[in-house]
Amino acid sequence: MEFLPLVSTWSWVILLFFAVVLYKWVLRFLFGMVIVPEDRIGLITKKYVLVGPDRGLPDGRIIATKGEAGYQAQTLAPGLYWWMWPWQYGITMEPFTVVPEGKIGLVLSNDGAELPTGNILARRVDSDNFQDTERFLTNSGQKGRQTAVLTPGTYRINPYAFTVTIADMTVIKENKVGIITTLDGAPLQPGQIAGKHVEGHNNFQNVDFFLQNGGNRGLQPQVVLAGSYYINPWAVQIEELPMTEVPIGHVGVVISYIGEDGEDITGESFKHGNIVRKGFRGVWMEPLGPGKYPINMYTMKVEKVPTTNLVLNWANARTESHDLDRNLSTITVRSKDGFPFNLDVAQIIHIPSTEAPKVIARFGSMNNLVSQVLEPTIGNYFRNSAQDSDVIAFLSTRKERQEAAREHIRTVLEVYNVNAVDTLIGDIVPPDSLMKTLTDRKIAQEEEKTYDTQRMAQEKRQGMERETALADIQREVVKAQQSVEIAQRTADAAVKKSEGEARSLKLQVGAESEATKIRAEANAEARRRQAAADAEATKLTADAEAERIAKTGTAEAEKILVIGRSTAEAYELQVRAMGDENFTRFKITEEIGRGQIRVIPDIIINGGGNGADGSLNGLMGLQLLEQIEARKTGKPIKIVDVTKPVEKKSGEK
């Protein structure tokens, strides 16, 4: 009993499933119901025709547009449809056609009209981007590869009628150019290598417009620049090439291989090719300046011509960066005396930008100019020049020959519209055998010069010694003569000196007396003025001193009077205090002390004694007193020898 609910549930599910299936099949078979999902398209295949005659498809057709049996042009969009019984119609569900971003859809029609003879692509017809097959076929759409492409998006396209192939977009990178070759169109015109110029096809993205306006198949004069394009690769082939760059210091001379034959604009003076205006076939008169250009290299050629000074070296060991002199080598010439030697030459040329088209029209390229003109002209000139001289003369006249070559080559190149700036002779390499002979000869000549120089030096040395001896003797003679002349000149000088001193002394005495007189007068005047000034000063001083003394005396008298009065009063008080006698003794003692009066002598000389000893002591004492007195007064000390008797002067006792 526990399993009854579970069994009932499964029973209902199974019954519901069978009911749905039964309902679907019932509706499908009874009412022909068809449901197309929202992301699908229904493709119809009609098995047979129920009503009317059994009409088959026309010959060559595979898609039915009028109810014929077979693949139907009509498709079923997402939705519900009736009366599509399974015994009469086969319904196949297919996904939509999706073209991703960055891609294009190339369409191949499986049915339609036959392509005209000579065409390889079917022209566009109105068919809602191939989603309406019936309209495509009704409007005479052609079978095969279509010119139209599908851009990124989602389409309901009948795969029975059309096959869609996904391809990449056309992308041209920066600094690149796309060279176009069309695979369909009218044949090229006679004498042309590229089709005519057609405008309005939007960089060949509208192939039908290109074809309708007479576009030719094959190489096209137009190019496609950098970018992304919806270009049909079945109709157009693109070759991606670098842009043409004209460097700084160059111009680009354009040589066009397409276009109409233009009129030569150089006139009668230039007879070496046609130079035409821009857009015509030939060499264009207007060159391209430095920059980048989208040039079709298959229809035009740009010849780069340097407009700066160009150096070409005829030397084995040197080649310039422009590489135009890579085939030039050192010139081998033969001298008049039969010696071959090598010669390096450098030629500097300049081509004006206005003359560049003429140079290219004449020679075709710069390499041709070098090989056809410069190489033979310069090589032959120096070979001819060397044959007129021997090797030594050629070496010694190098500067003159270089100047002559410059003028000759300038004249020749002017004819070819080229300016010769300068011609320079480089290394000259004579033969080794000749160089050895010349070296030996030069060494011998130098040795000969050395010997001559040494001989001349010896002769000069002998002459110098002889002259030295004569000079020594002559020196003594000259010395004696000079001594006499010096003595004579000394005497004359002494006389002249004496005369000069006398005149000088006389003038000096006169000058001194005059000066003395002037000084005396000046001194007298000065003393007079000084005396007057002194008298005036003395008078003023005396007046001032008298006034001072008067005032000082008055003050001093008053001072003395005051002091006297005070002293008298003091004495009176002291007398009263000390008594008359005691005050007297005190004042005497004070005066002795103030005056430094000696009461007792500093030295007592004992003159006592008998005879000579007593006398001697007395004299010594006197002498001692004199020394003490001298020391106090600062006078020199006189020492007396007391042992000797004193000499008395006359008159002395």
- prompt: Which FRET efficiency, nearest 0.05, do residue 516 and residue 540 yield, Cβ-Cβ r, R0 35 Å?
  reply: 0.50
query: Looking at region 462-525, what % of the alpha carbon pairs are farther apart than 18 Å?
result: 67 percent
- line: Spelling it out for residue 113: with amide H atoms placed in the peptide plane at 1.01 Å from N, the residues 5 or more places away or on another chain with amide H under 5 Å from its amide H are 141, 142, 143
statement: Amide H contacts under 5 Å for residue 314, restricted to residues at least 5 apart in sequence or on another chain and with H modeled in the peptide plane, are 345, 346, 347
Two-site FRET efficiency, residue 337 against residue 464, from Cβ-Cβ distance with R₀ of 45 Å, rounded to 0.05: 0.45
Of 271/336; 336/358; 304/336; 497/517, those spanning more than 31 Å from alpha-carbon to alpha-carbon: 271/336; 336/358; 304/336
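Taking the Cβ of each residue in 47, 301 as the centre, tally the other Cβ atoms inside 10 Å and list the residues starting with the fewest.
Fewest to most other Cβ atoms nearby, the residues stand as 47, 301.
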message: Below 8 Å between Cα atoms, with a sequence gap of 6+, how large is the relative contact order for region 69-214 in percent?
response: 27 percent
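Quick check on region 247-302: take the gyration tensor over C-alpha atoms, sort the square-rooted eigenvalues as a ≥ b ≥ c, and tell me if it's rounded (a/c under 1.5), prolate or oblate.
Here region 247-302 falls in the oblate category.
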- request: Apply the Karplus parameterisation 6.51 cos²θ - 1.76 cosθ + 1.60, with θ equal to phi minus 60°, to every residue of region 439-447 and state each ³J(HN,Hα) to the nearest whole Hz, in sequence, with x for glycine and proline.
  value: 5, 4, 4, 5, 5, 4, 4, 5, 5
- request: Using only Cα atoms, locate the centre of region 223-274 and the centre of region 465-535, then give the distance between them in Å, rounded to an integer.
  value: 110 Å
field: Signed unit charges on C-beta, dipole axis of region 348-403, positive-most listed residue 352, 402, 377
entry: 352
task: With r as the distance between the Cβ atoms of residue 261 and residue 181 and R0 = 22 Å, compute the FRET efficiency 1/(1 + (r/R0)^6) and round to 0.05.
output: 0.35
query: Put a dot 7 Å past each Cα toward the Cβ at residue 487 and residue 531; how far apart are the dots in nm?
result: 6.6 nm
field: Spin-label model distance (nm) - residue 380 vs residue 584, 7 Å beyond Cα toward Cβ
entry: 17.0 nm
message: Give the residue list of GluC sites (Glu not before Pro) in region 387-425 that are DSSP loop and have at most 14 other beta-carbon atoms within 10 angstrom.
response: none
field: Label-point separation in nm, residue 450 to residue 96, each point 7 Å along Cα→Cβ
entry: 10.8 nm
query: Going by how many other Cβ atoms sit within 10 Å of their own, how do 196, 496 line up, fewest first?
result: 496, 196
- line: Whole-Hz Karplus couplings 3J(HN,Hα) for region 481-491, θ = phi - 60° and coefficients 6.51, -1.76, 1.60, Gly and Pro as x, run 4, 5, 5, 4, 5, 5, 4, 4, 5, 5, 4
message: In whole Hz and in residue order, list the ³J(HN,Hα) couplings for region 94-106 that follow from phi through the Karplus curve 6.51 cos²θ - 1.76 cosθ + 1.60, θ = phi - 60°; x for Gly and Pro.
response: 10, x, 5, 7, 10, 9, x, 5, x, 10, 9, x, 8
query: Out of region 64-156, which GluC sites (Glu not before Pro) are coil in DSSP terms and have no more than 13 other C-beta atoms within 10 Å?
result: 101, 114
- request: Would you be so kind as to identify which of 272, 248, 287 lies farthest towards the positive end of the dipole of region 247-302, taking Lys and Arg as +1 and Asp and Glu as -1 on Cβ and the Cα centre as origin?
  value: 248
- line: Sorted by chain and then number, the residues having a modelled amide H within less than 5 Å of the amide H of residue 389, at least 5 places away or on another chain, are 336
- line: Taking only the alpha-carbon atoms of region 170-242, the convex hull volume per residue, in cubic angstrom, is 75 Å³
message: Which of 519, 135 has the fewest other C-beta atoms within 10 Å, and how do the rest follow up to the most?
response: 519, 135
field: Net length gained if the chain between residue 169 and residue 309 were fully extended (0.36 nm per residue, minus Cα distance)
entry: 45.7 nm
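Label region 32-168 by shape, choosing from rounded, prolate and oblate, from the square roots a ≥ b ≥ c of the eigenvalues of the Cα gyration tensor; if a/c is under 1.5 it is rounded, and otherwise prolate applies when a/b is larger than b/c, oblate when it is not.
Note, shape of region 32-168 comes out oblate.
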query: Put +1 on the Cβ of every Lys and Arg and -1 on every Asp and Glu Cβ in region 312-450; which of 315, 364, 342 then has its Cα farthest towards the positive end of the dipole?
result: 364
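Laboratory data are not the source of any read-out in this text; all were calculated from the coordinates shown. Model, not experiment: these values are computed from the prediction. Virtual Cβ from ideal backbone geometry, glycine too; neighbours counted across all protein chains shown.
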